[in-house]
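A.B. asks: Please see the structure below; I have some questions.
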Amino acid sequence: MQYQNNATKFRREVLIRVAKAMLEDTPPEEIDKIPHRIRPKNEENLRCCIYKDRAVLRLRCVAAMGFSVENEEDDSARLSDYFEKAQERTSPDGPVMTVLDIACKGCVRSRYYVTDACQGCIARPCAVNCPVDAISFRDGRSVINPETCINCGKCKEVCPYHAVTKVPVPCEEACPVDAIYKDRTGHARINFEKCISCGRCMRSCPFGAVMEKSQIVDVLQAIKGKAPVIAMVAPAIAGQFPGDLGQIANGLMKLGFDKVVEVASGADITTKKEAAEFLERMHEGQKMMTTSCCPAYIETVKRHVTELKPFVSDTKTPMHYTAEDVKKRFPGAVTVFVGPCVAKRKEGFDDEFVDYVLTFEEVGSLFVAKDIEVCILESIEPDEIPSAEGRGFPVVGGVAAAVTAVAGPDAGVKPVTINGLSQAAVKKLRSFACGNCPGNLVEVMACEGGCVGGAGVVAATKYSAREVAKVCASSASITSM
Amino acid sequence: MEKITVELCMGTTCFVMGSSSLPEFSESLSESIREKIELKHSPCMGLCKDQKYGKAPYVKVNGEVISAATPHAVAVRIRQIAEEQDD
Ligand code: FES
């Protein structure tokens, strides 16, 4: 689904309101009214009525304050109570995603359907080719019997009028690992044993029924505390806000961070280690190696494609190396990763050096809440300039290109990229594990286009990929550093 | 030739609410209309501070505000203006 849509906007509006409540010490009775403020009287209903709109917004606020919302124990609890609880929390916890059951439409089971375009032809290839005889002819056109249909899609393929259409369940279709399903009431539920935290369901649900648990309250709370708080920005940040990297860094300082470092420096460490590891593995006679920096991919291997484990690089992610370095240089500092990624939250929970993870969407909401006009700020100089390759990590092909550059022309690197972890891509990865990989270095990015197309981005992928390329063009190559 | 000025707001609020996709508005316009366009990028126009202008992102076409702007809505308005100019 096109990323710019109303569901996204509502989510951002909620984040902005919650951030404002935190920054402006909003009194509890005002916090309780956030849903009313976002959805005042006399506006067009999005759902059945204004009350449902507000009830859903209330749940969005709860998720924005960092809580899971499925099976809410006390649905009469006030937002201000949640807000207070959020501020008392000392560390955020999993799972990363949460389903707003009342927002879920409860889409009917994914099915094929014959539309009005059916001409009732006499050839009837749909009926003739249906392997289970699910198609009958009624009132001058074909009808599919949902009881017998096995969803094979043959009829859609063969209809000369393109009259058969598939009505999917968007979240189920988007989930690459079958982790989202329907409970007894027909509403979506996530199986967290299977979930890889990629965020695809969140961006695909047309009703905005899946959200992630935000950490904005936690981070603002940390900023209020005594310890220095350091923002570690992912290279995909170029183009996420209007202005250059230095202006964005200045914006983060205005938010109250004490320092901003580029994770692209960590990416440089990842590149060097991964290139060395690649050469070693090839030397040992291994057939292929896959990259390891995409956390949704790593979760996929752990939970679903364990046969790939021996091929995954042991090198740690850019976030890890950056956080480790920051903790060493600034003992006692709080580390906050700022990136495009929802799955990084899961990685953050598991990494001892990472305290919090924010998405660009959350940071954008904080900018708005604090009225920080990024594009007119002064640009601040970074104390360390990472390589072009490190800064190029977030665009599809970027990691493989970096490793190839460092491994050198004689290394015989044959890169293969998995651009987006779709259901088909998971199948492909399985076949790679069985020895059917057309190359020897597999770069996996769970999001189409790379991290710049992540579930937590603000800017359109096209726009940000261009900005990332600009930044890379003005940086030195890792081979010349 | 009469110009059509298009001002895209690149202020933080508008950007967070989706203005990065707005430059795409020109993709659906004909060459002759595109030539008339004078494109500007503006920092916060101040509209986001006032509820009465509707919702971000904002675009001004010949000074007239489009709220909750999308590339499509901007293109439609430009085409209307171009037609009026031709008459
Ligand atoms: S940011 Fe566009 S009007 Fe304020």
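The values are calculated or read from the model by the stated rules, or taken from the named source; none is laboratory data. On a predicted model such as this, the values are computed, not experimentally measured, just so you know. Cβ: placed from backbone, ideal geometry, glycine included. Neighbour counts: every protein chain shown. Only protein heavy atoms, including side chains, enter the accessible area calculation; ligands, DNA and RNA are left aside. Shrake-Rupley method; radii C 1.70, N 1.55, O 1.52, S 1.80 Å.
A.B. asks: At 7 Å along Cα-to-Cβ for each site, give me the label-to-label distance between A:HIS283 and B:TYR53 in nm.
C.D. replies: 6.2
A.B. asks: A further question on this structure: Expressed as an acute angle from 0 to 90° and rounded to the nearest 10, what is the orientation of the C-alpha long axis of helix B:71-86 relative to the principal long axis of chain B?
C.D. replies: The angle comes out at about 40 degrees.
A.B. asks: Averaged across A:9-19, how many Cβ atoms of other chains sit within 10 Å of each residue's Cβ atom?
C.D. replies: 2
A.B. asks: Hey, another quick one. Which stretch or stretches of region B:57-87 have amide N atoms under 17 Å from the point lying 7 Å from B:SER30's Cα along the Cα→Cβ direction?
C.D. replies: Of the residues in region B:57-87, B:75-87 have backbone N under 17 Å from the label point off B:SER30.
A.B. asks: Please give me, ordered by residue number, the GluC sites (Glu not before Pro) of region A:281-326 that lie in loop per DSSP and have at most 13 other Cβ atoms within 10 Å.
C.D. replies: A:GLU284
A.B. asks: In a Debye calculation with equal point scatterers on the alpha-carbon sites of the protein assembly as shown and no solvent, what is log10 I(q)/I(0) at q = 0.05, 0.08, 0.09 Å⁻¹?
C.D. replies: Computed log10 I(q)/I(0) values: -0.23, -0.60, -0.76.
A.B. asks: Can you list residues from other chains, or at least 5 along the same chain, whose modelled amide H is less than 5 Å from the amide H of A:ARG111?
C.D. replies: Under 5 Å from the amide H of A:ARG111 lie the amide H atoms of A:VAL167, each far enough along the sequence or on another chain.
A.B. asks: Kindly rank A:100-107, B:56-63 from highest to lowest mean number of other beta carbons found within 10 Å of each residue. Can you show the working numbers first?
C.D. replies: On the way: A:100-107: 19.5, B:56-63: 21.1.
My ranking of the peptides, most packed first, is B:56-63, A:100-107.
A.B. asks: What are the equivalent ellipsoid semi-axes of region A:11-120, built from the alpha-carbon gyration tensor (square roots of five times its eigenvalues), in whole angstrom, biggest first? Could the numbers behind the result be given before it?
C.D. replies: Numbers: eigenvalues 221, 68, 27 Å².
Largest first, region A:11-120 gives 33, 18, 12 Å.
A.B. asks: Per residue, how big is the convex hull of region A:265-328 when only Cα atoms are used? Give it in Å³.
C.D. replies: Dividing the Cα hull volume of region A:265-328 by its residues yields 80 Å³.
A.B. asks: Turning to a different aspect of this structure: Can you pull out the GluC sites (Glu not before Pro) in region A:356-387 that DSSP calls coil and that have at most 10 other Cβ atoms within 10 Å?
C.D. replies: Here the GluC sites (Glu not before Pro) that fit, given the DSSP loop and packing criteria, are A:GLU378, A:GLU384.
A.B. asks: Each label point is 7 Å from the Cα along the Cα-to-Cβ direction; what then is the distance between the points at A:ASP371 and B:ASN62, in nm?
C.D. replies: 3.5
A.B. asks: Using a 10 Å cut-off around each Cβ of peptide B:16-28, what is the average number of partner chain Cβ atoms that fall inside?
C.D. replies: So the per-residue partner count for this stretch is 6.
A.B. asks: Right, next: Quote the FRET efficiency, to the nearest 0.05, computed for A:ASP116 versus A:ILE150 with a Förster distance R0 of 22 Å and r equal to the Cβ-Cβ distance.
C.D. replies: After rounding, the FRET efficiency stands at 0.35.
A.B. asks: Still on this structure: Which percent, nearest 5, of DSSP beta bridges in the protein assembly as shown are antiparallel?
C.D. replies: Restricted to the protein assembly as shown, the bridges split so that about 45 percent are antiparallel.
A.B. asks: Report the gain in length on full extension from A:ALA424 to A:THR185: 0.36 nm times residue separation, minus Cα-Cα distance, nm rounded to one decimal.
C.D. replies: Extra length from A:ALA424 to A:THR185 when fully extended: 83.1 nm.
A.B. asks: Label points 7 Å out from Cα along the Cβ direction at A:ASP25 and A:TYR51: separation in nm?
C.D. replies: The answer from the label model is 3.7 nm.
A.B. asks: So what is the diffusion coefficient of region A:111-167 in µm² per second by Stokes-Einstein at 20 °C and 1.002 mPa s, using a Kirkwood Rh over Cα pairs?
C.D. replies: Here the translational diffusion coefficient equals 197 µm²/s.
A.B. asks: Another question, if that's okay. Just to check I understand the Karplus step: with θ = phi - 60° and J = 6.51 cos²θ - 1.76 cosθ + 1.60, what whole-Hz values come out for region B:5-22, glycine and proline as x?
C.D. replies: 3J(HN,Hα) across region B:5-22, in whole Hz: 8, 10, 10, 9, 7, 10, x, 4, 4, 4, 5, 5, 8, x, 6, 5, 8, 5.
A.B. asks: While we're on this one: Determine the shielding of peptide A:240-253 by partner chains: average, over its residues, the number of Cβ atoms on other chains within 10 angstrom of each Cβ.
C.D. replies: Details: counts 3, 5, 12, 4, 0, 0, 0, 0, 0, 0, 0, 1, 0, 0.
Averaged over the peptide's residues, the number is 2.
A.B. asks: What order, most packed first, do the peptides A:148-158, A:203-213, A:337-347 have when packing is the mean number of other Cβ atoms within 10 Å of each residue?
C.D. replies: Those peptides, ordered most packed to least, come out A:337-347, A:203-213, A:148-158.
A.B. asks: Please calculate the 1.4 Å probe accessible area of A:SER379, with all protein chains present, and give it to the nearest 10 Å².
C.D. replies: 50
A.B. asks: From the phi angles alone, apply the Karplus equation (6.51, -1.76, 1.60; θ = phi - 60°) to region A:231-236 and give each ³J(HN,Hα) in whole Hz, x where the residue is Gly or Pro.
C.D. replies: 3J(HN,Hα) across region A:231-236, in whole Hz: 8, 10, 8, 5, x, 5.
A.B. asks: Can you sort A:ARG111, A:ARG329 by 1.4 Å-probe accessible area, starting with the largest?
C.D. replies: Order by accessible area, largest first: A:ARG329, A:ARG111.
A.B. asks: Now, a different point. Students often get this wrong, so check it: of A:LYS272/A:LYS316; A:LYS166/A:LYS428; A:LYS20/B:LYS49; A:LYS254/B:LYS52; A:LYS9/A:LYS213, which have C-alpha atoms separated by over 22 Å?
C.D. replies: On the way: A:LYS272/A:LYS316 11 Å; A:LYS166/A:LYS428 24 Å; A:LYS20/B:LYS49 14 Å; A:LYS254/B:LYS52 28 Å; A:LYS9/A:LYS213 16 Å.
Check vs 22 Å cut-off fails for A:LYS166/A:LYS428; A:LYS254/B:LYS52.
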